[in-house]
Amino acid sequence: MVASLRNNTGKIEPLIPEVVPKHVAIIMDGNGRWAKARGLPRTEGHRQGTENLRRILKACVEFGVEILTIYAFSTENWKRPRAEVRVLMSILEMVIDRELRELHESGVQIRHIGELDAMAPALQKKIRYACDFTKNNTKLILNVAFNYGGRDEIIHAVRKIVASGIAPEQINEDLISSYMYTSPLPDPDLIIRTSGEVRSSNFLVWQGTYSEYYFTPVYWPDFDKEQLREALIEYSRRTRRFGQTDEQIKDE
Ligand code: FPP
């Protein structure tokens with residue numbers, strides 16, 4: 001894939017600003033395997049993955065991505081060994097404690113998607129504070145999917161719709177979208193999954209219907225700015241048809 005991204009002077013093609021995806025979502029996979037390959041504990045993979053997130057955030061701002069959604073802890077991740085769950089929780093806490101000011105100064109707006117209630121009250125409070133503190137920032141929206149599951153999100157939305165007494169004939173796609181955790185943000189244009197796994201793993205089940213997917217064998221801690229650039233260039237070459245024909249798209 002890399003070869004096809006190079007022009008005849010061997011340089012990587014530049015990004016075309018008009019086709020940079022507005023909303024990129026990432027399944028940051030492969031931390032455990034990255035660590036195992038180096039004889040390190042899995043938790044070291046998560047630490048390196050967190051460092052990498054800082055680099056990718058900067059690269060997103062530089063490339064003109066407006067919204068980044070990261071899959072940091074799924075509703076299924078509770079099944080992991082308790083010590084690893086504790087580390088993942090503490091990483092989120094540490095990111096808020098140590099990085100909030102810098103994220104704020106860089107213009108990052110933090111949003112949380114997922115079920116807050118199952119988390120420790122102190123962590124819930126920190127997440128709420130981080131979201132509130134950065135709510136007026138506009139440089140980059142960072143959606144942190146933590147204790148998030150796509151099916152869980154749909155159940156949550158259906159419950160709220162039913163509880164609010166909405167008539168069945170009023171239910172349409174826009175209404176359901178407005179009950180998703182991501183509302184009012186647009187759906188992701190591009191979903192990247194690192195580490196060679198080729199599945200969506202309950203991530204953005206509703207919102208990802210028409211997203212372009214990009215899979216790479218690179219483990220998350222090694223997915224750097226140039227890897228991101230390649231993903232964005234690959235995206236820029238795709239034709240998004242949303243169910244229409246090529247001819248219809250050309251006529252638009
Ligand atoms: C998947 O790798 C990764 C996770 C479950 C956690 C992702 C978390 C981070 C990158 C840290 C940043 C987090 C926050 C809260 C900002 P894996 O453990 O499934 O790797 P494996 O498939 O190789 O075992």
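The values are calculated or read from the model by the stated rules, or taken from the named source; none is laboratory data. Computed from a prediction, not measured in an experiment: that's the story for all the values here. As a convention, Cβ positions derive from the backbone with ideal geometry for all residues, glycine included, and neighbour counts pool all protein chains shown. We work out accessible area using only protein heavy atoms, side chains counted, and drop any ligands, DNA or RNA first. Shrake-Rupley method; radii C 1.70, N 1.55, O 1.52, S 1.80 Å.
Which of the numbered conditions does Thr75 fail, given that it passes all the others? Conditions: (1) out of contact with any Asp or Glu (no Cβ under 6 Å at 6 or more places or on another chain); (2) open to solvent by 20 Å² or more (accessible area, probe 1.4 Å).
Only one criterion in (1) out of contact with any Asp or Glu (no Cβ under 6 Å at 6 or more places or on another chain); (2) open to solvent by 20 Å² or more (accessible area, probe 1.4 Å) is unmet by Thr75, namely (1).
Of everything in segment 197-252, what is among the hydroxyl-bearing types (Ser, Thr, Tyr), assigned to a loop (DSSP other than H, G, I, E, B) and in contact with a helix residue (DSSP H, G or I) (Cβ under 7 Å, 6 or more places away or on another chain)? Give them in sequence order. Don't jump to the end; show me each part of the working.
Here is the first cut: in segment 197-252, the residues among the hydroxyl-bearing types (Ser, Thr, Tyr) are 200-201, 209-211, 213-214, 216, 219, 235-236, 239, 245.
From what's left, assigned to a loop (DSSP other than H, G, I, E, B): 200-201, 209-211, 216, 219, 239, 245.
Thr216, Tyr219, Thr239 - these are the residues of segment 197-252 that are among the hydroxyl-bearing types (Ser, Thr, Tyr), assigned to a loop (DSSP other than H, G, I, E, B) and in contact with a helix residue (DSSP H, G or I) (Cβ under 7 Å, 6 or more places away or on another chain).
Could you tell me whether any residue of segment 239-249 is closer than 22 Å to Pro14 by Cα, over 15 Å from the mean Cα position of the chain (by Cα), modelled with pLDDT under 95 and not β-branched (Val, Ile, Thr)?
Among the residues of segment 239-249, at least one is closer than 22 Å to Pro14 by Cα, over 15 Å from the mean Cα position of the chain (by Cα), modelled with pLDDT under 95 and not β-branched (Val, Ile, Thr), which makes the answer yes.
Which residues, counting only those in segment 199-212, are closer than 21 Å to Phe73 by Cβ and either open to solvent by 50 Å² or more (accessible area, probe 1.4 Å) or polar (S, T, N, Q) (or both)? Steps first, please.
Taking segment 199-212 as the starting set, the residues that turn out to be closer than 21 Å to Phe73 by Cβ are 199-208, 211.
Selection gives Arg199, Ser200, Ser201, Asn202, Val205, Trp206, Gln207, Ser211.
Counting only residues that are basic (Lys, Arg), within 9 Å of the ligand (Cβ to nearest atom) and in a helix (DSSP H, G or I), how many does segment 42-96 have? Can you show your working first?
From segment 42-96, those basic (Lys, Arg) are 42, 47, 54-55, 58, 79-80, 82, 86; that's our starting set.
Checking the rest, the ones that are also within 9 Å of the ligand (Cβ to nearest atom) come to 42, 47, 80.
Now restrict to residues that are in a helix (DSSP H, G or I): 42, 47.
Selection size over segment 42-96: 2.
Just need a number here: residues in segment 11-36 that are within 9 Å of the ligand (Cβ to nearest atom) and in a loop (DSSP other than H, G, I, E, B).
Adding up the residues that qualify gives 3.
Could you list all residues from segment 148-198 that are of a type in the set (Asp, Glu) and surrounded by 12 or more Cβ atoms within 10 Å (Cβ to Cβ)?
Passing the criteria: Asp152, Glu153, Asp187, Asp189, Glu197.
May I ask you to verify whether Ser164 is under 23 Å from the mean Cα position of the chain (by Cα) and among the hydroxyl-bearing types (Ser, Thr, Tyr)? Full working, then the answer.
Values: under 23 Å from the mean Cα position of the chain (by Cα): no; among the hydroxyl-bearing types (Ser, Thr, Tyr): yes.
No; evaluated as a whole, the condition is false for this residue.
Find all pairs meeting these conditions: Cβ atoms under 8 angstrom apart; at least six residues apart or on different chains; first residue within segment 109-128 and at positive phi; second residue in a loop (DSSP other than H, G, I, E, B).
Gly114/Gly149; Gly114/Tyr181
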